[in-house]
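Some notes on the structure that comes next.
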């Protein structure tokens, strides 16, 4: 079966990572910046203190936070505009190597609330120790540069906001392109539903955002004669834990243990399904598709359903192992600091951070030829297994 959703892949990557999005109406990145004025000395002190006092691991996972803050202090306080101050703060916080602890500048916060996002539109994957273009989103800088799915990335190098790439196409020709991230209008094509082989409902959602549970129930109600469900989490980077809390009662019975949240002082909060609902999905056969990008809430969902025998997990590799619980703190000028404050331990008593979810069924990684033809061996296996 060909890969079904090559034009509908959208997922958010926070901090300095690229955010890949759909849409039209592009602006340059500089046109989206504001002229906020902040005190870099105060900004450095606030970030240093908030992380130092609230990070879930008092040992900072083997890093010395005091040394990190002192090393980056001059680069922060000597900046002359808010954009460079925030770039310096990002570099400081990124030293922790924690995808859930990061800084967003004011303009990035505003973009996340509205319809504009920063993106290049190119999604990559690893194959035989090579980086391959897995998807090119429509109306994106990557598409306009002529980049195509299946190209091998030989070299990439950033210079400011521009990235110069060298590709190898299917005819073994070397192609060079330079791509600049842009502010792209977001069409929010993050969810997809399809009925496969007449009796299996396929749902794909790339984040746990507001209204997800209602959308899932709506799609389920469209197919009253179906009792098989495939949920594709391969591009899902997580999102709102409150949305995950809202979804669990429709999949598991009241009182089902979901895991434990462990804070900095080692205090433990037991997490379980707290409400009882009459759900059409309670007795469905569920299969979850996960991948190396599956993170945060999507990993928790997979781990919990797998543990309770509610779902079978099918994948080519482990999930990302990024499941720390991370609230936000406001920063000067409208920026945001997100800090990992709690660790998640699954019902088995195992912390997923750094480990990820192991699939029940391992699938051989797709070949380059399959990728270029749009063959999806993970989905093919799921249809056979469910």
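All of the numbers you see were taken from the coordinates with simple rules; none came from a lab. Note that the structure is predicted; figures quoted are calculated from it, not measured. No Cβ is skipped: glycine too gets one built from the backbone with ideal geometry, and neighbour counts run over all protein chains shown.
Can you give the convex hull volume of the alpha carbon atoms of region 279-373 per residue, in Å³?
176
Nearest 5 is fine: what % of DSSP beta bridges in the chain come out antiparallel, could you say?
75
Residue 385 to residue 218: extension gain in nm, 0.36 nm per residue of separation minus the Cα-Cα distance? The partial results should precede the final answer.
On the way: separation 167, 0.36 × 167 = 60.12 nm, distance 2.51 nm.
The span from residue 385 to residue 218 would gain 57.6 nm if fully extended.
Which order do the peptides 313-322, 296-305, 88-97 come out in when sorted by mean C-beta neighbours inside 10 angstrom, highest first?
Working: 313-322: 22.0, 296-305: 26.2, 88-97: 19.5.
The densest-packed peptide leads the list: 296-305, 313-322, 88-97.
Counting other C-beta atoms within 10 Å, which of 74, 169 has the fewest, and how do the rest follow? Walk me through the numbers on the way to the answer.
On the way: 74 11, 169 14.
Placing the least packed residue first, the sequence is 74, 169.
Name the shape class, rounded, prolate or oblate, that the alpha-carbon gyration tensor gives for region 257-319, where a ≥ b ≥ c are the square roots of its eigenvalues, rounded holds for a/c under 1.5, and otherwise prolate holds if a/b is larger than b/c and oblate otherwise.
The shape class here is oblate.
Please state the shape class of the chain: rounded when a/c is under 1.5, otherwise prolate if a/b exceeds b/c and oblate if not, all from the C-alpha gyration tensor.
Working: a/c = 1.80, a/b = 1.18, b/c = 1.52.
In terms of gyration-tensor shape, oblate.
Once you put a point 7 Å from the Cα of residue 253 and another 7 Å from the Cα of residue 279, both along the Cβ direction, what distance in nm separates them?
1.3
Applying 1/(1 + (r/R0)^6) with R0 = 22 Å to the Cβ-Cβ distance of residue 66 and residue 267, what FRET efficiency is obtained, to the nearest 0.05? Please report the intermediate quantities before stating the final value.
Numbers: r = 24 Å, r/R0 = 1.10.
Between residue 66 and residue 267 the formula returns 0.35.
Sorted from largest down, what three extents in whole angstroms do the Cα atoms of region 191-385 have along their principal axes?
49, 43, 37
Can you list, bin by bin at 5 Å, the percent of alpha carbon pairs in region 125-180, starting at 0?
4, 20, 29, 29, 14, 3, 0
Would you compute, from DSSP H runs of 4+ residues alone, the mean residue ellipticity of the chain at 222 nm, taking -39500 (n - 2.57) per run and dividing by the full residue count, rounded to the nearest 500?
Working: 10 runs with 96 residues, N = 386.
Dividing the helical sum by the residues of the chain leaves -7000 deg cm²/dmol.
Using 0.36 nm per residue of separation minus the Cα-Cα distance, give me the extension gain between residue 199 and residue 129 in nm, one decimal. Could the numbers behind the result be given before it?
Values: separation 70, 0.36 × 70 = 25.20 nm, distance 3.76 nm.
Length difference between fully extended and current span is 21.4 nm.
Sort 224-235, 192-203, 46-57 by the packing proxy (mean of other Cβ within 10 Å over each peptide's residues), most packed first. Working shown, then result.
Working: 224-235: 19.3, 192-203: 15.5, 46-57: 17.8.
Ranking the peptides 224-235, 192-203, 46-57 by packing returns 224-235, 46-57, 192-203.
Which whole-number percent gives the relative contact order of the chain, counting Cα pairs below 8 Å spaced six or more residues apart? Intermediate results must be reported in sequence, preceding the final value.
Numbers: 821 pairs, mean separation 69.3, N = 386.
Once normalised by length, the contact order is 18 percent.
Quick one: check the C-alpha center-to-center distance for region 320-377 versus region 236-274, whole angstrom.
Here the two parts' Cα centres lie 16 Å apart.
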